[in-house]
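Novice: Handing you this structure, nothing more for now.
Each reported figure results from applying straightforward, stated rules to the coordinates on display, with no laboratory input. As the structure is a prediction and not an experimental result, all values here were calculated from the model. So basically every Cβ, Gly included, is an ideal-geometry build from the backbone, and we count neighbours across all protein chains shown.
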Amino acid sequence: MAKRHKNKIAMVFAIVVLIVLIVLAMMIGRYHLTLQEVMSYFLNGASSSTKLILKLRFTRILAVILVGAGLSMAGTTFQSVFNNGLASPNILGVATGSSVGAASAILYGMPIYVTELAAFIMGILTMFLTLVIDHFLHSNSSITLILAGIIMAGLMQSILGSIKYIADPEDQLQSIVYWEMGSFMKVDLSSLFSVAPILIIGILFLFFARWRLNVLALDEATIKTIGINPTVNRNLMILVATLLTAAAVCLCGVIGWVGLVVPHISRSIVGGDNRWSMPMTGLTGAMLLLIADTLARSVTVNDIPISIVTGFIGVPIFIFILLRRKDTVV
Amino acid sequence: MSEIATKKLSFAYDQKKIIDNVDLSISDGQILVILGPNGIGKSTLLSCLSGLHKSYSGSIQLGDQELRTIPKKVLSHHVALVSQGVNVKSSLKLTDYLLLGRSAFHSIFSQPNQNDQLQVDRVLTQIGLEDYRDISLQDMSGGQKQLAQIGRALVQEPQLLIMDEPTSALDYKNQILVLKLIKALSDNNISIIISTHDPNQAMMVGDLVGLLIDNQTYIQGSTEEILTEKYLSDLYKTPIVSTYNQQLHRNIFGTRMD
């Protein structure tokens, strides 16, 4: 009971910190704004120029929060379903696969919803092929899944390279390169509106289905005799996590480290029970990506690709996690 | 539905017959101990009885229903399985691990409620691990993990509990702990089927004993009928002698080493 109480406090604290970070992110930027100006925006009293800046910033912040929460929750899902702390949207090849789908759609000048669909289909296809390779490697070791993911990510990277090679350097190439390292620079209201519903539905799905994820980490025979169909449940979870990854890729490209590292951070705070760690992962992911994006858009005159920032934050955290590796996934 | 009976039960895997023509039965609150050499098909038999294989031939009657016609969710409220040698690698706290046994009572989107927690509390007392409720499973001993697995099965509120070699990975003290629990559960009218390699354990807890001699032959009877020197020597193809122990009030089995 004491632990439960501690977790509740941690959750409330995380929500408060996220709100503070949102307000700070609204203030920080090339044009620094005061707390009063930010507050008056929400109370509808800001001057029109400030209003414009804040509207742009707020749109971007919303996108960052949804993507941060979505990618991290997808990471927690993959790690639970595969019972493997190294599984993440990037390592399994899903993110690169999705970016191949998105880049192909861009190459043919498709509208955003076709881009989304292509990203999702390629994400699922890559996930499927990763699982097929893992199956043929005939091993119970958790490392083969990761190797299979590396193989598929490598293949997808080569396809992406080919697409870049034939892309129009004036226009398309720039958009595709933008996808590779991730950035929220081009996010506007219309792109946010077209992707946000998928992100929100995916996040809500994983939030409400979080207890079921606990049981999916058990062995196959036990899950069946508990009365749960492991195949249907696992595939459903994988599908939703892939959908979240694809949606994130459509909005802002491939973002490294978040889906891998945040689930570990969250588990170290609230423990391995997904009833607590899933919402904590969402909150922590939103916070981490918000910090990364605020840095990406404010430390230099130009926007830095966000994967550079998440890499600098993620790598030391991951080393730390590997050094004190004691926790199994669930 | 705590009575289970098979008629001419056979199961083949990759066209190879693993078990053939098994007639087995158990009624309310009885303990059936299945003995047999390694690789003879004990685990397959128990998997069939747990509803894990639907492609068996012959029949398995649970109460008055054919096992394969019972939906998985419904079956999980009647029959629970503790698999063999599962090394539970879980950082869940014991109480959260036990809660997993309640999953079939809920839809994918619902969370465990007060009633589920009450069941978990009841089982924690039953398995004697009340003081370990907030301990993570990975910090527990082998014996405690095994008790936790049995607990997870009990939380399903089964009338039939099937355990595949529940004592095989345990030291002597923990073996006795698990066997005493099995006895206590059968006193609470739960029917239990276990497999083991040790005829002494069969003597200690069994009401019925089944011998899986080869994949063609299964014989079952009361403990007194089946646990004889002749049957056991034939089963393990090694001479086994028994002697009555006054203090234990039962036969003990062994083999001369000269």
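Novice: Roughly speaking, what % of Cα-Cα pairs in segment B:132-258 are separated by over 24 Å, rounded to a whole number?
Specialist: 36 percent
Novice: Now for a different question. What does DSSP give for chain B in terms of the percent of beta bridges that are antiparallel, rounded to the nearest 5?
Specialist: Percent antiparallel among DSSP bridges in chain B is about 60.
Novice: Scanning chain A for helices, which whole DSSP H stretches are 30 Å or more long along the axis (Cα) and average 0.0 or more by Kyte-Doolittle?
Specialist: Working: long enough: A:2-27 (38 Å, 1.66); A:48-81 (49 Å, 1.01); A:112-136 (36 Å, 1.74); A:143-166 (35 Å, 1.75); A:230-252 (33 Å, 1.52); A:274-298 (36 Å, 0.46).
In chain A, the long hydrophobic H runs are A:2-27, A:48-81, A:112-136, A:143-166, A:230-252, A:274-298.
Novice: Still on this structure: Suppose only helical runs count, i.e. DSSP H with n ≥ 4. What mean residue ellipticity at 222 nm does that imply for the protein assembly as shown under -39500 (n - 2.57) per run, divided by all residues and rounded to the nearest 500 deg cm²/dmol?
Specialist: Result for the protein assembly as shown: -18500 deg cm²/dmol, rounded to the nearest 500.
Novice: Moving on to the next point. What does the highest-first list of B:130-139, B:204-213, B:218-227, A:76-85 look like by mean Cβ count within 10 Å?
Specialist: Going from most to least packed, we get A:76-85, B:204-213, B:218-227, B:130-139.
Novice: Let me check the size of segment B:24-150 from its C-alpha atoms; what are the radius of gyration and Dmax in Å?
Specialist: Gyration radius and largest Cα-Cα distance of segment B:24-150: 16.6, 46 Å.
Novice: Out of all DSSP beta bridges with both ends in the protein assembly as shown, state the antiparallel percent to the nearest 5.
Specialist: Working: 25 of 43 bridges.
Counting DSSP beta bridges with both partners in the protein assembly as shown, the antiparallel share is about 60 percent.
Novice: To one decimal place, what Kirkwood hydrodynamic radius in Å is obtained for the protein assembly as shown from all pairs of distinct Cα atoms?
Specialist: The Cα-based Kirkwood calculation yields 26.7 Å.
Novice: Same structure again: Give the average, rounded to an integer, of partner chain Cβ atoms located within 10 angstrom of each Cβ in B:104-112. Please list the in-between numbers first.
Specialist: Values: counts 5, 1, 5, 3, 11, 8, 4, 5, 3.
Average neighbour count from other chains, rounded to a whole number: 5.
Novice: Given the C-alpha centroids of segment A:222-290 and segment B:190-216, what is the distance between them in whole angstrom?
Specialist: The two parts, judged by their Cα centres, are 44 Å apart.
Novice: Mind putting a number on the dipole of segment B:87-157 about its Cα centre? Charges go on the C-beta only, +1 for Lys and Arg and -1 for Asp and Glu, and I need it in Debye to the nearest 20.
Specialist: On the way: 7 positive and 8 negative charges, 45 e Å.
Value, rounded to 20: 220 debye.
Novice: Moving to a separate point now. Roughly what angle does helix B:114-126 make with the longest principal axis of chain B, taking Cα atoms, 0 to 90 degrees, to the nearest 10?
Specialist: Between helix and principal axis, roughly 40 degrees.
Novice: Let's test the formula: R0 of 51 Å, r as the Cβ-Cβ distance of B:T217 and A:F207. What FRET efficiency results, to the nearest 0.05?
Specialist: Values: r = 54 Å, r/R0 = 1.07.
The computed FRET efficiency comes out at 0.40.
Novice: Would segment A:1-121 count as rounded, prolate or oblate if I go by the C-alpha gyration tensor, calling it rounded below 1.5 in a/c and otherwise prolate when a/b exceeds b/c, oblate otherwise? Walk me through the numbers before you get to the answer.
Specialist: Values: a/c = 3.39, a/b = 1.19, b/c = 2.85.
Oblate.
Novice: Determine the gain in length on full extension of the stretch B:R122-B:D64; use 0.36 nm per residue of separation and subtract their C-alpha separation, reporting nm with one decimal.
Specialist: Stretched fully, the B:R122-B:D64 segment lengthens by 17.9 nm.
Novice: If you look at just the Cα atoms of segment A:2-324, how large are its Rg and its Dmax in Å?
Specialist: 19.7, 64
Novice: Output the Kirkwood hydrodynamic radius of chain B, Cα pairs only, in Å rounded to one decimal.
Specialist: Hydrodynamic radius (Kirkwood, Cα pairs) of chain B is 19.1 Å.
Novice: Then there is this: How much of the pair distance distribution for segment B:104-156 lies past 15 Å, counting alpha-carbon pairs only, in percent?
Specialist: Tail fraction, whole percent: 49.
Novice: Which whole number gives the average, over all residues in A:249-261, of C-beta atoms from other chains lying within 10 Å of the residue C-beta? Display every interim value, and only then the final one.
Specialist: On the way: counts 0, 0, 0, 0, 0, 0, 0, 0, 0, 0, 0, 0, 0.
Mean shielding count: 0.
Novice: OK, next. Taking the DSSP beta bridges in segment B:136-252 as the whole, what percent of them are antiparallel, to the nearest 5?
Specialist: Numbers: 9 of 14 bridges.
Roughly 65 percent of the DSSP beta bridges within segment B:136-252 come out antiparallel.
Novice: So for chain A, averaging the separation of alpha carbon pairs under 8 Å that are six or more residues apart and normalising by length, what relative contact order in percent results?
Specialist: Here the relative contact order equals 30 percent.
Novice: Continuing with this model, one more query. Determine, for each peptide in A:90-101, A:114-125, the mean count of other beta carbons within 10 angstrom over its residues, then list the peptides with the highest first.
Specialist: By packing density, highest mean first, the sequence is A:90-101, A:114-125.
Novice: Something else about it: Could you tell me how many degrees, from 0 to 90 and to the nearest 10, lie between the Cα long axis of helix B:172-187 and the main elongation axis, the longest principal axis, of the Cα atoms of chain B?
Specialist: The helix B:172-187 is inclined about 80 degrees to chain B.
Novice: Apply 1/(1 + (r/R0)^6) to the Cβ-Cβ distance of A:S158 and B:Q114, taking R0 = 45 Å, and write down the FRET efficiency to the nearest 0.05.
Specialist: My answer for the efficiency is 0.25.
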